[in-house]
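Only one structure is covered here, and it is reproduced in the block below.
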Amino acid sequence: MAGSVTPGVRSAASGPTIGVLALQGGVAEHAHMLRQLGANVKLVRKRADLSSGIDGVVLPGGESSTIDRLLRIFDMKALLGDLLRDGLPCLATCAGMILLAREVVDAAPGQTSLKVLDATVSRNVYGSQTASAEVTLDTPLGPVVGAFIRAPKIVRVGEGVQVLARRYPAQGGLDPEGDIVAVKSKNIVALSFHPELTGDATFHADLLERLR
Ligand code: GLN
């Protein structure tokens, strides 16, 4: 029927605008998923893309040391840190999680991070690309299927950081207690894995729910 909308899918024209950091890494899958949920997507490639007109931000996977270097080269790092400290709703996956962390135990030479998430991250604990896996995780939002690709793991969380998911040994986790692979701290949700690659929209829908 003309003018009808699919139930549950908002019209993009009236929807929120999510900035997807697009300096390097897996940008397209996040953009696709957000558009499917009715959001407008703005690819963030320069400082001006960040400074206005976004209601939330996605930090994708990729190579965290490269994204960090590009953020500094393009003079975006301090602004992004300020926006996140100021409460901009954020979903970060994999390299994005590493970028947010207060400490990175195995950082590349010269690699820095935004230090807006009170957590310590280890970058490459699960081995090489070939050790990648698709895992169904229990989260407060229900089961979420994520792809682990050269995935980081959180080895310490600060007070006020909520653990949303653990990867247990039966799922390829290393710690008998379960590796911490998803956390929430105020406006930030950070995941070790990639739900955008398995088509699981749970955390993207949650981001849209969390917008100011
Ligand atoms: N371990 C990678 C890094 O250091 C992240 C991998 C990913 O984003 N899939 O950036």
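Stretching ARG72 away from ALA108 to a fully extended chain increases their span by 11.5 nm, per 0.36 nm per residue minus the current alpha-carbon distance.
Work out, in µm²/s and without decimals, the Stokes-Einstein translational diffusion coefficient of the stretch 155-212 at 37 °C, 0.692 mPa s, Rh from Kirkwood over C-alpha pairs. Translational D for this selection: 262 µm²/s.
The dipole here belongs to the stretch 47-185: it is taken about the Cα centre, uses +1 on the Cβ of Lys and Arg and -1 on the Cβ of Asp and Glu, and is about 220 debye. Protection proxy ranking of 132-141, 59-68, 177-186, by the mean of other Cβ atoms within 10 Å over each peptide's residues and highest first, is 59-68, 177-186, 132-141. Cross-link reach is defined here as a Cα-Cα straight distance under 18 Å, omitting same-chain residues fewer than 8 places apart; for LYS115 the aspartates and glutamates meeting it are GLU63, ASP68, ASP75, ASP82, ASP86, GLU103, ASP106, GLU159. For LEU79, the shell of other residues with beta-carbons less than 13 Å away shows a net charge of +1, using +1 for Lys and Arg and -1 for Asp and Glu. Modelled label positions at ARG35 and SER52, each set 7 Å beyond Cα in the direction of Cβ, lie 2.6 nm from each other.
Based on Cα contacts under 8 Å between residues 6+ apart, the chain shows a relative contact order of 18 percent. Calculated on the Cα set of the chain, radius of gyration then Dmax: 16.5, 58 Å. Straight-line reach from LYS42: taking Cα to Cα under 22 Å and skipping same-chain neighbours fewer than 8 places apart, the lysines in range are LYS77.
If one computes the Cα centroid of the stretch 22-63 and of the stretch 166-212, what distance in Å separates the two points? About 18 Å separates the Cα centre of the stretch 22-63 from the one of the stretch 166-212.
May I ask you to derive the FRET efficiency for LYS186 and ALA133 from their Cβ-Cβ distance with R0 = 30 Å, giving the value to the nearest 0.05? With R0 = 30 Å, the Cβ-Cβ based efficiency is 0.50.
FYI, it's all coordinate maths here, none of it is from the lab. Computed from a prediction, not measured in an experiment: that's the story for all the values here. Because the Cβ atoms are built from the backbone with ideal geometry, glycine has one as well, and the counts that use them run over all protein chains shown.
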